[in-house]
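Worksheet: the structure to be examined is printed underneath.
The values are calculated or read from the model by the stated rules, or taken from the named source; none is laboratory data. This is a predicted model, so every value here is computed, not measured. A quick note on method: Cβ atoms are made from the backbone with ideal geometry, for glycine too, and the neighbour counts reach across all protein chains shown. All accessible areas refer to the heavy atoms of the entire protein, side chains included, with ligands and DNA or RNA removed. Shrake-Rupley method; radii C 1.70, N 1.55, O 1.52, S 1.80 Å.
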Amino acid sequence: MAMFSTGILVLTAPLNTLPLRIAPVLSSAAQLVERTLYVHLHPGLNLGSGTQPRPVYLPPVVDLSTLITRLYSNAANVCGHLDVRVLLTNVRAQSASSGGLLNPNCPFPTPQSLSHSPEVVLTDFPLQDPGQSHQVTQCLLKYTGHCYVCSPKLHSVLLHPQLMQLEEKQENNFNEAEEKTEPVPLETYGDVVVGGTFDRLHGAHKTLLDISCLLANRRFIIAVCDQAMLKKKVLKDLIEPYSLRVQRIREFLQDTKPSLQVEIVPLHDPFGVSVVDPLLQCIVVSEETRKGGEAVNKKRCENGLSTLVLHEIQLLKDAHHTDIEEEKISSSSLRSRLLGTLVMPPKDTSLLPPIPYVLGLTGGSGSGKSSIARRLEALGAVRVDCDKLGHEVYQPDTAGYRRVIEEFGSDILNEDKTINRRTLGRKVFGNQERLKALTDIVWPEIALLVKNRIGQARDEGKRVCVLDAAVLLEAGWADMVHEVWVSIIPEEEAVVRITERDGVTTEDALRRLQSQWPNSKQVEHANVVLSTLWEPEVTQKQVLKAWNLLQERIQQRQRGSRNAQVTTSSQL
């Protein structure tokens, strides 16, 4: 069956049995939907009664909170490629103004628009009679169209997960669940607050946001970490920009609970708005951030404000984590999985010869860039060491040698007429104008040598060439390469490595790093990012992954070129 980009999954099983069936249902849905899967809850919905059902309000209950947690956890395990979103428009607390009864009005007076228009609606509703199939699918289409704005050619699919064996194994669990006749209400609050980084919005974030939506009756405040709060984060240079993180949260919540008043504010310190807003009643925390919630309440007391109810949610386990990743689903793990992959498509390099495919590998001092270059060389790449080529530029009787002496004087020469690079360095250190005068001479000369080395690799029939170049981006050499690869490590780790390797002081190491482009600026230009922060074996796995993915890109490029040639020939 054809795949659909976006779908809605209407779950009809009772809340007390549904958690046990979520995994197979999601697995079946993932065979049909490839990008976004919205989940609409209507426990007990009967699509086969012969009468058209209407959407109703659901009260927020503990079982619903448990289901949401289970759903996102299962989604991460069985269909991690999908953007799963549990919709809560039809969930609302009992209102005192309605005498304790739910508002009888339909939660969807007009169909709700979603960020991605659904192309297919799926359901777990079990057919009692195969002959009902057409009737049930038509009923499902009308029901869904009443709730949401969908594609004009909406398809309808009845999922039939193989649950019989599961039901036999879990029969006692089902029976025990059936005995719980009265659902436990979930206490709700007018104003709820959460805080976090919210990088690469994942299942744990969505659980936090959805449960907060269950708890909030009026206003929901999300405090999102800005630059000041990111300094200690793993691979912080790969964290999405603040504006993008806010945009994704806003879109998610607009889909999830559009009636809620949402305020997204920057978080400059560990407390933020949570310790100054007198209207707040509840803060949602996880097992590991509970102490932070307690610190918030201590600060509120100091500020003369009432304490907040701490609503704790459980962490979601990451079934796919590696040795260097956290056991929970986390943004830092997702960032580590980006290492070695294509984080930004290569620019148009049609003006460059296709062979050899040239990688420009750069990174700050101490980043392990050269060790990565040697690993790539061991895998078959031709390594061009631009630092060594820089030494060649200073050799006597070269054009670069003569121009440097003309610019900086003969007092930079040793007795044997070679350039004393330490003396030259003192002339340019701290003087941007003189430093630019030097690089304007040296960098173009190195570029000529690089082009010669690439030409030699081409003549030898080499497929891949890697430029090991600390100043690749600053010198403007990115135009000579098909892809830019950047090696990053935290500044504090770089300082330790530089001081141990070169025997310089911490201050000298910091000055050296501060004279280079920061990681964040280099990453902006990177097609592939790597990091030598962990053990050598981890670096080797990264490089091997990057190399294998590179080979796939090169093959795709070659196939595309051949297809273009065939097309051109057929048109002649």
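Could you order peptides 362-374, 295-307 by the average number of other Cβ atoms within 10 Å of their residues, highest first?
In descending order of packing, they fall as 362-374, 295-307.
Specify, per residue and in Å³, the volume enclosed by the convex hull of the alpha carbon atoms belonging to the stretch 1-63. Write out the running numbers ahead of the final one.
On the way: hull volume 7.5 nm³, N = 63.
Per-residue hull volume (Cα only) is 119 Å³.
Can you flag which of K369/K521; K233/K328; K231/K521; K231/K545 are past 18 Å Cα-Cα?
Too far apart for the 18 Å limit: K231/K545.
Where the only charges are on Cβ atoms (+1 Lys, Arg; -1 Asp, Glu), what is the dipole of the chain about its Cα centre, to the nearest 20 debye?
Its charge dipole is roughly 1080 debye.
Just subtract the alpha-carbon distance of Q555 and Q138 from 0.36 nm times their residue separation and send over the number in nm, one decimal. Mind showing how you got there, number by number?
Values: separation 417, 0.36 × 417 = 150.12 nm, distance 4.62 nm.
Length gained between Q555 and Q138: 145.5 nm.
Work through the residues other than L47 whose Cβ is under 15 Å from its Cβ and net out their charges, Lys, Arg +1 and Asp, Glu -1.
Numbers: positive: R54, K142; negative: D124, D129.
Result for the local shell: 0.
Going Cα to Cα from K142, which lysines come in below 19 Å? Please leave out same-chain ones fewer than 8 positions away.
Correct list for K142: K153.
Tell me, how many Å apart are the Cα centres for the stretch 334-350 and for the stretch 354-422?
27 Å
For Rg and Dmax of the Cα atoms in Å, one of (1) 23.7, 76; (2) 30.1, 101; (3) 26.9, 94 was computed from the structure I shared and the rest are decoys. Which label?
(2)
Solvent-accessible area per residue for the stretch 386-443 at a 1.4 Å probe radius, Å²?
Values: 3790 Å² over 58 residues.
Counting only protein heavy atoms, the per-residue value for the stretch 386-443 is 65 Å².
Might you report the magnitude of the Cβ-based charge dipole of the stretch 386-443 about its Cα centre, with Lys and Arg at +1 and Asp and Glu at -1, to the nearest 20 debye?
180 debye
Given R₀ = 35 Å, what would the calculated FRET efficiency be for R402 paired with T506, taking r from the Cβ atoms and rounding to 0.05?
On the way: r = 39 Å, r/R0 = 1.10.
E(calc), rounded to 0.05, equals 0.35.
Can you give me the accessible area per residue for the stretch 189-313, using a 1.4 Å probe, in Å²? All intermediate terms of the calculation are to be shown ahead of the outcome.
Working: 5430 Å² over 125 residues.
The answer is 43 Å² per residue.
Over the chain, with every protein chain in place, what whole percent of the accessible area is carbon and sulfur at 1.4 Å, could you tell me?
Percent of accessible area from carbon and sulfur atoms in the chain: 51.
Tabulate in residue order the Karplus-calculated ³J(HN,Hα) for the stretch 446-460, using 6.51 cos²θ - 1.76 cosθ + 1.60 with θ = phi - 60°, rounded to whole Hz; enter x for Gly and Pro.
Residue by residue, the stretch 446-460 yields 4, 4, 5, 5, 4, 4, 5, 5, 5, x, 5, 4, 5, 5, 7 Hz.
Count charges around E537 for me, please; just the other residues with Cβ under 12 Å from its Cβ, Lys/Arg as +1, Asp/Glu as -1.
0
How much area per residue is accessible in the stretch 459-572 when the probe is 1.4 Å and only protein heavy atoms are counted (Å²)?
54 Å²
Restricting to bridges with both residues inside the chain, how much of the DSSP beta-bridge set is antiparallel, in percent to the nearest 5? Mind showing how you got there, number by number?
Values: 4 of 64 bridges.
Within the chain, antiparallel bridges account for around 5 percent of the total.
Could you report the accessible area of M229 in Å², rounded to 10, computed with a 1.4 Å probe on the protein chains as they sit in the structure?
M229 exposes around 50 Å² with every protein chain in place.
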